[in-house]
Amino acid sequence: MDETRLPRDLADRPRAQEGGLPVPFACEDEDGGFDVRSVSKRRAIRCALSRICGLCGISLGWPVAFLGTHEEVESNALHFPPLHEDCAEAALRVYAPLGTGALGLDAPAGEWVLLTTRGFELERPADRRGDQRVVFHPNSVVERRPSTSR
């Protein structure tokens, strides 16, 4: 992994023993356990309410970025928390090669979309049945970039 291409705050995150990848803030449990293929519901909500990046865990400015599948973007219902734009771009380089399931995205990396927006709404699961993932609804979309253009 080319450390010079990682945003500083992401490069400073704890590393996974396997592969040495930075552990995404939103994929880490409160007890320190993590899985780069699943998003912690508690961390996702914290990212939204405290306006912190789902990858590096540092405060966000505007605009914010989201990574999602084509399907998530078209339905305006994304599941990975907001990101700094440079963290989202780094995620396309670092986590996308892990394939389907990385960062909780159920699509091959070539189908990921980077979306920037000036705002978003948070939707928490309504009850304990069904899909328990937190949903982010971007509004005031600035740009959409398919990952294949990276």
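The values are calculated or read from the model by the stated rules, or taken from the named source; none is laboratory data. These numbers were taken from a predicted model, which means no experiment stands behind them. Heads up, the Cβs are rebuilt from the backbone with ideal geometry, glycines too, and the neighbour counts pull from every protein chain shown. Note: areas computed on protein heavy atoms with side chains; ligands, DNA, RNA excluded. Shrake-Rupley method; radii C 1.70, N 1.55, O 1.52, S 1.80 Å.
Probing with 1.4 Å while keeping every protein chain in the model, the per residue accessible area of the chain equals 51 Å². Net charge of the neighbourhood of residue 59, taken over other residues with C-beta under 13 Å away and scored Lys/Arg +1, Asp/Glu -1, is +1.
Remark: C-alpha extents of the chain on the principal axes read 37, 36, 29 Å, sorted largest to smallest. Within the chain, the longest run free of exposed loop sites, counting GluC sites (Glu not before Pro) that sit outside DSSP helix and strand states (H, G, I, E, B) and have at most 11 other Cβ atoms within 10 Å, spans 31-150. Expressed as a whole percent, the accessible surface of the chain that belongs to carbon and sulfur atoms is 46, based on a 1.4 Å probe. In units of the rule-of-thumb radius 2.2 N^0.38 Å, region 78-150 shows an alpha carbon radius of gyration of 1.16.
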